[in-house]
There are 4 protein chains.
Amino acid sequence: MDELDIEAVAEADLEDPVFVEGLPGVGHVGKLAADHILEELAEESTLVRRLYSREFPPQVSIEDGVTDLTCAEIHAVSVPDGRDLLVLTGDHQAQTNEGHYVLTDAFLDVAEEFGAGELYALGGVPTGELIDEYAVLGAVTREERIEPLEDVGVEFREDEPAGGIVGVSGLLLGLGKRRGFEGACLMGETSGYLVDPKSARAVLEILEAVLEFSLEYESLDERADEMEDVIGKIREMEQQQQAMDVPTDDDLRYIG
Amino acid sequence: MDELDIEAVAEADLEDPVFVEGLPGVGHVGKLAADHILEELAEESTLVRRLYSREFPPQVSIEDGVTDLTCAEIHAVSVPDGRDLLVLTGDHQAQTNEGHYVLTDAFLDVAEEFGAGELYALGGVPTGELIDEYAVLGAVTREERIEPLEDVGVEFREDEPAGGIVGVSGLLLGLGKRRGFEGACLMGETSGYLVDPKSARAVLEILEAVLEFSLEYESLDERADEMEDVIGKIREMEQQQQAMDVPTDDDLRYIG
Amino acid sequence: MDELDIEAVAEADLEDPVFVEGLPGVGHVGKLAADHILEELAEESTLVRRLYSREFPPQVSIEDGVTDLTCAEIHAVSVPDGRDLLVLTGDHQAQTNEGHYVLTDAFLDVAEEFGAGELYALGGVPTGELIDEYAVLGAVTREERIEPLEDVGVEFREDEPAGGIVGVSGLLLGLGKRRGFEGACLMGETSGYLVDPKSARAVLEILEAVLEFSLEYESLDERADEMEDVIGKIREMEQQQQAMDVPTDDDLRYIG
Amino acid sequence: MDELDIEAVAEADLEDPVFVEGLPGVGHVGKLAADHILEELAEESTLVRRLYSREFPPQVSIEDGVTDLTCAEIHAVSVPDGRDLLVLTGDHQAQTNEGHYVLTDAFLDVAEEFGAGELYALGGVPTGELIDEYAVLGAVTREERIEPLEDVGVEFREDEPAGGIVGVSGLLLGLGKRRGFEGACLMGETSGYLVDPKSARAVLEILEAVLEFSLEYESLDERADEMEDVIGKIREMEQQQQAMDVPTDDDLRYIG
């Protein structure tokens, strides 16, 4: 296998599709969101491309005893009454800095091949603490795209996320812009400690508003409820521990 | 030397051979198994290829004062009354993610050159504790191969090994499947802490049943006995330590 | 994008320009200095080249909600009554050893393209403690260049900086010398713990003397004042802590 | 600069020269030895090749204020009444596994260019403790070379050095053997903690006996005396510390 190998699984006739990326990352927000689109619109979706690469970990996944080589998958989705989508998802990111560049360029090649000129990178932005209100932060390739996104609730904050956007989500905007794509990154706030279906829903609701389509959320909400149980237990444990905190030897020393 | 250099040491006329891989890994199960085949069938074995690569560590081994460059070796084995084998073994794995891809493709090239279309990757799967019963887990390239393996005792468990199979063993199935190979990974359970000849024997007994050949185990059992002595001492020390355990300062604190 | 992509943003007609490098490094001295030149001579400056590379981190920066792919920028500066400059700055260094070589060669390509034959690499050298007097150390491509620099106050000390000069600043001299460039590295002493505008000013004052141009320092001095406040607080805390130091259990042991 | 750049500094007419490598490593034994040859035979030595490479650290060294790009140097030495030598030395090893292969192949290219067919890799082997008697261990490319080396005092011990020989010294034998070179690695025992001129002398005395030439050792012995002072102080401190050892809190616990 060469450094990169794009397998044409099927073809699809899409009209001006929007490229949507959801690879694993903070809180698995992007991946949960992309997977949810494909689950809800399963009947309208076709797996069109698999991308294999030496930049992925040297690994096979196992499902029902059968192995499959690590890859990224791109599905064509004919959204009812909405714009067509090209949805990128997968189980892994590239393993090196250079790999992120190589893979992102390959993803953009496929996007171009299917006629996409607009893209949305979905992800999470860590807040460092458990949160109740799930804001969605935005970053865009061109200033003109800020206002329409603010109109549907996306927040643009000065110097956030600090340090910019790293990995495929960042490069899709960075390399994409240089290749003529218009795009935005939609980042759901999330604690950063847990898989976060609520943050994924917040991101998807923005995407629905922007692209004018609609999804059911029953399955994602179920996963969110499961996570709520986990969070509840964590909070309980935190409170118990605070109640039990007594001075220790270390606390009684003047200098630690 | 280029990134990869395949030395043709000898030729061999094999009929529909099965490729068997046993490189170092968890519990050295795969390497012990492959080395044991070559030891027991030494008279029927011919070293046919050496693979040198910049992906291996920059190192020579020393035997009786004489150095040899790190490499992987492939032996042709004419099994009496059984199918011919191509056995891959060596002292090292690749040192980078990309190296695993490069080397595995080279191994598959040699397998194809000798007409192999079926492969078995031998290895260990860590349980994290000392074990008495050595189950062998399986993973296959196609669903049809599960039942015949279950019939000879291989276990297929949901979500095991968690995270899939990493390294050459995984890629032989992953890249091999894409190149048209049929294959299976046979993973002997092993603690993960020690070299494990018993686990290697468990794996080999499965391989004997699948490929219908038979091996002697005297030498492997001797190594297993030596390991049993080591394990016995570890267990003794664990018990003594438990008996001696008295409360320490740390145990008397409410919060650690 | 290839490993390296040089974008021609604009052209500029420079006469025998001097190449000045100020990428991030110890105390951000080099970057502060280069940015200050571009800020003070903004009207005389033109962004002429952007260099994108897979050797940079896979990242976009965000300004006012708009993303830009990580790059290095080269500005042409027509210094009033002085020699023309080509000023290199950026937010990142290469991420690998090899990347430093690749990027430095690309920077030298641009320098040659604009007719530069002389270069100055600006940076900081860490002293490990807060300092009051900001010496500037030098290193040069040829012995003949030492005396003129000593005449304007640059210090050449035996075995300093110990271990030579690492990264783009070092390679600009090392690779540049092999390509026929004359050059010097000007390294402002700095604690190494803090962003250091005073050290940047010390370096720039040397550069002014060498290249016979002059800059205003109001904005840089303001940043220096801000840092002085930070340093003052650090010193205060150090003194308070010393006053509070009492013997601890550890101090009372004979052997720690 | 390409990945590798060999600069022809001068030519030399050598007769059947022996290639001798002494790059930095354990106890700097190899480098001390190679540098000592070049120092003692300075008048008979000519710098013939410099090798620059992206595999070296991105760094310049500084001598008397003047920078030079990191490189390896090969000197031609016309030994009085002895065989000609090609001596490789330098300040750095390659920074990656693959780099060791790339550089070693380049070194062998130069060796071939000058007609060398025999090589000696000089280095140290760590014992983990301060030593009084400096044995020299050997490893060779072919069995026939063991006896002549044993005759001049080289020791060949089973399974030493454990794990083989890593880096350029190992690869010179490993890759060299594949290209038809005859060679040996001479490894002086050394603590592994300190630069060790005594070990370097032990290695050189073997080389003198093998290649029938002779060196003065005054300068190396002076460095050895300086190191003896350091070692004396270390031993003194160890004894004082043992004398002062009193039970600590930790020692009084039953379980640590």
For the protein assembly as shown, what % of the accessible area comes from carbon and sulfur atoms, probe 1.4 Å?
42
Restricting everything to alpha-carbon atoms, can you work out Rg to Rh for segment D:142-253 with a Kirkwood hydrodynamic radius?
1.14
Beyond 23 Å, what share of the Cα-Cα pairs of segment C:4-218 remains, rounded to the nearest whole percent?
42
Pair C:Arg142, C:Leu194: separation of 7 Å Cα→Cβ label points (nm):
4.1
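DSSP beta bridges in the protein assembly as shown, what fraction antiparallel, as a percent rounded to 5?
Antiparallel bridges make up about 60 percent of those DSSP assigns within the protein assembly as shown.
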Please figure out what share of the DSSP beta bridges in segment A:4-218 is antiparallel and state it in percent, rounded to the nearest 5.
60
Go through segment C:70-84 residue by residue and turn each phi into a ³J(HN,Hα) via Karplus (6.51, -1.76, 1.60, θ = phi - 60°); whole Hz please, and just put x for glycine and proline.
3, 7, 10, 10, 10, 10, 8, 10, 8, 6, x, 6, x, 6, 5
Roughly how large is the B-A contact in terms of buried accessible area, totalled over both chains, probe 1.4 Å, nearest 100 Å²?
2300
Total charge of the residues flanking B:Thr104 in space, meaning their Cβ is under 13 Å from its Cβ, with Lys and Arg +1 and Asp and Glu -1, is -2
Quick one: 3J(HN,Hα) in Hz for segment D:117-123, Karplus 6.51/-1.76/1.60 with θ = phi - 60°, rounded, Gly and Pro as x.
x, 10, 9, 10, 9, 9, x
Straight-distance crosslink candidates among aspartates and glutamates, where the alpha carbon sits under 18 Å from D:Lys233 and sequence neighbours closer than 8 are dropped:
D:Glu129, D:Asp132, D:Asp196, D:Glu222, D:Asp225
What does the copy distance list look like for A:Glu226, label position 7 Å along Cα→Cβ, in nm and ordered from shortest?
4.7, 4.8, 6.7
Within segment C:1-109, which GluC sites (Glu not before Pro) sit in a loop by DSSP and count at most 10 neighbouring Cβ atoms inside 10 Å?
C:Glu15
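Taking the Cβ-Cβ separation of A:Leu47 and B:Arg179 as r and a Förster radius of 25 Å, what is the calculated FRET efficiency to the nearest 0.05?
0.75
Given segment B:104-226, what percent of its DSSP beta bridges are antiparallel, to the nearest 5?
That works out to approximately 35 percent antiparallel.
Within the set of other residues whose C-beta is less than 9 Å from the C-beta of A:Met227, count the net charge using Lys and Arg as +1 and Asp and Glu as -1.
-3
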What helix-only [θ] at 222 nm does the protein assembly as shown give? Using -39500 (n - 2.57) per DSSP H run of at least 4, over all residues, to the nearest 500, the answer is -11500 deg cm²/dmol
Report, in whole Å, the centroid distance computed from the Cα atoms of segment A:91-156 and segment C:182-238.
38
Per-bin percent of Cα-Cα distances, the protein assembly as shown [20 Å]:
11, 30, 41, 17, 1
Would you tally the net charge around A:Lys31, using a Cβ to Cβ cut-off of less than 10 Å, leaving A:Lys31 out, and scoring K and R as +1, D and E as -1?
-3
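List the GluC sites (Glu not before Pro) within segment A:122-174 that DSSP assigns to loop and that have no more than 11 neighbouring Cβ atoms inside 10 Å.
Those that pass, being in a loop and sparsely packed, are A:Glu129, A:Glu133, A:Glu158.
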Using a 10 angstrom cutoff on alpha carbons, build the Gaussian network for chain D and name the most mobile of D:Val110, D:Val60, D:Val87.
D:Val60
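The values are calculated or read from the model by the stated rules, or taken from the named source; none is laboratory data. Because the structure is a prediction, the values reported are computed rather than measured. Virtual Cβ from ideal backbone geometry, glycine too; neighbours counted across all protein chains shown. SASA here: full protein model, heavy atoms, side chains in, ligands and nucleic acids out. Shrake-Rupley method; radii C 1.70, N 1.55, O 1.52, S 1.80 Å.
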